[in-house]
Every structure is written in structure tokens, then in C-alpha cells.
Amino acid sequence: MAHTDTHGALDDISYLARSHHRVPLLVALATRPRSGAELRDLANVSSSTVRRTLREFETRRWVRKDGFRYEATELGAFVASSVEALVGQVETERKLRDVWHWLPGEESGFGVDTCVGAVVTVAESDDPYRPVNRFASLLRETDQFRFVGVGIALLEPCRDEFRERVLDGMRAEIIDPPSVAEHILETYPDHCSKPLESDNFSVRIHDDPPPYGVCLFDRRVGVCGYDHDSGTVRVLIDSVAPEAREWAEILYESYYRESRPLRRETIL
């Protein structure tokens, strides 16, 4: 019986997936009652296609007619919610499948479910700085910023904006490996002097930071993945999900406890 029921469920899923308009129509009806004309305009399909789809929905007891409008039944609303969630999960996976190997592994506690609903910004051949530009836009919207990781590929292109944000009052804390801190101090001494002299910016040193980057903004959490062969940022994922914030806070705190304050002599 369970085997037969599974096939029946897959048949219904297959039915919904075979035409692009079916899931949006069912989700729309689960939101509020709508007329056939509204559904036709919403799905951009013919009236006959809408009528046929509604008949099929009625056969499955997913919708009922109330006057000249249709509305989802409790069963239809349940199916709409479930399928909408599945579509969102698959959309997330499709965004991640080519960049997942650059992101934290399961051993860090970072899972695919952490990325559901997140903004995924991937570097493209015609726009390799998309993740960096996304990071810069998030930096402009925050009053507090923390970072741990090998951050040179993410932070160096934004050095001017980062400096101005710190001098304008943004509080920032960065945990870097000694080699990165040394490179930044020696390459951009004028950029570093005033921020480090202010009370808004501190740098800490960790000998073995994660091979990815974790950014904590006021509202969002970001995770960036690097191609270490080319030294470029390949992907930035940012999210407001509580589970993403919890994961990032725990990870950051663990590296903070093992880090030490930046002193010139600590990296020489």
C-alpha cells in the first residue's frame, strides 16, 4: 500500500510540474479567492487552459467554486504550501550546485538548509566582481561589521569604502591570518593608520582561520567561498535566517577565543 501511495503522490507532483502555470495558480488560490479572468491574467494562459486546470484541481479536491470565484480547499492550500517550499529548495540547490565545493563543509555545521531563502551571488565570466559588489552594498547598510577568514580577496577591492565607513563611525572587527595582516599593513599603510588609531576598528590574528569567509552585518550574515588557485571570490551567500546567524555567531566566537590582538611584532 505504501508503495502504491508513493506512486500516487509522485503522479500528482508530476502533474503539477508538467506545466509552468499549475503551481502558481494553486499558490494564488491558496492566498485568496480569484476569478477565472484573474487566474488567466496571472498565469498568462488562455481561458480554456485555466478552465481545464480548475477542473483537474476540483477533481483532486484542491479547489472549490464559490459563485464566480475559486478558492483553495484546506487540502489544496496544504499541497500549495508544500510544493512552493519544494520549489524554493530546488531553486536554492540549482544556485549552489556549481559553487558548493567552495563553501563550508558539513563538519562546520553549515548545511544546504542554511541557504534556503538566502541571496546567492555568483561570479560570472562577464562580471567576476558580482560577489564583491554585493558585499560592498551590504557594507554600506551596516553599523557593525565582523569578519573571520582569509579576507584579502573580498576586502581588498573595497578598501577605500571600508576605510571611509570606519572613519564615519562603523564599528569593525576582523580576524585575519598573519600573512594577510602583514600584506595589508605593508601595502596600504595610509589606508590602515587612521582606522587602526580610531576606536572603531580592531584587527585580531589567527594562525589557522577558515578557508572561507564569514561576515556578520547588523541584519544579515554572509559566507563567501574562494577559488584558492586564482585567489578570487567565487560566491557570496547572505541571509537573515536565524539559523544562519546562530551558526555564524558560534563559529566567529570560536575563532575569536583562539585569536590575539594585532601588534606589529606579532606578524613579523
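Overview of values
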quantity	calculated
Accessible-area composition of the stretch 75-227, carbon plus sulfur, in percent [1.4 Å probe]	47
GNM flexibility winner over the chain from SER179, SER108, SER46 (Cα, springs under 10 Å)	SER46
Rough spin-label spacing in nm, given labels placed 7 Å along Cα→Cβ, for VAL240 and SER137	1.5
Kirkwood Rh and Cα Rg combined as Rg/Rh, the stretch 88-181	0.99
Distance in nm between pseudo-label sites at VAL112 and ARG61 (7 Å out along the Cβ direction from Cα)	3.3
At R0 = 30 Å, FRET efficiency that the Cβ-Cβ distance of PHE68 and SER14 yields, to 0.05	0.45
Counted charge near TRP62, where neighbours are those whose Cβ lies closer than 13 Å (Asp, Glu -1; Lys, Arg +1)	+1
Among ARG245, ARG134, ARG55: highest mean-square fluctuation, GNM of the chain, C-alpha pairs under 10 Å	ARG55
The stretch 56-66 - phi-based ³J(HN,Hα) in whole Hz, Karplus 6.51/-1.76/1.60, Gly and Pro as x	5, 5, 5, 4, 7, 6, 8, 9, 9, 9, 10
Rounded accessible area per residue of the chain, 1.4 Å, Å²	56
Gain in span if fully extended, SER46 to THR232, counting 0.36 nm per residue against the direct Cα distance	62.2 nm
Expected 222 nm ellipticity per residue - DSSP helices of 4 or more, -39500 (n - 2.57), all of the chain, to 500	-15000 deg cm²/dmol
Projected label distance in nm at GLU84 and ARG171, using a 7 Å step from Cα toward the beta-carbon	3.9
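The values are calculated or read from the model by the stated rules, or taken from the named source; none is laboratory data. Nothing here was measured: the structure is a model prediction, and the numbers come from that model. Glycine gets a Cβ as well: all are built from the backbone with ideal geometry, and neighbour counts include every protein chain shown. The area values use the complete protein model at the heavy-atom level, side chains included, leaving out ligands, DNA and RNA. Shrake-Rupley method; radii C 1.70, N 1.55, O 1.52, S 1.80 Å.
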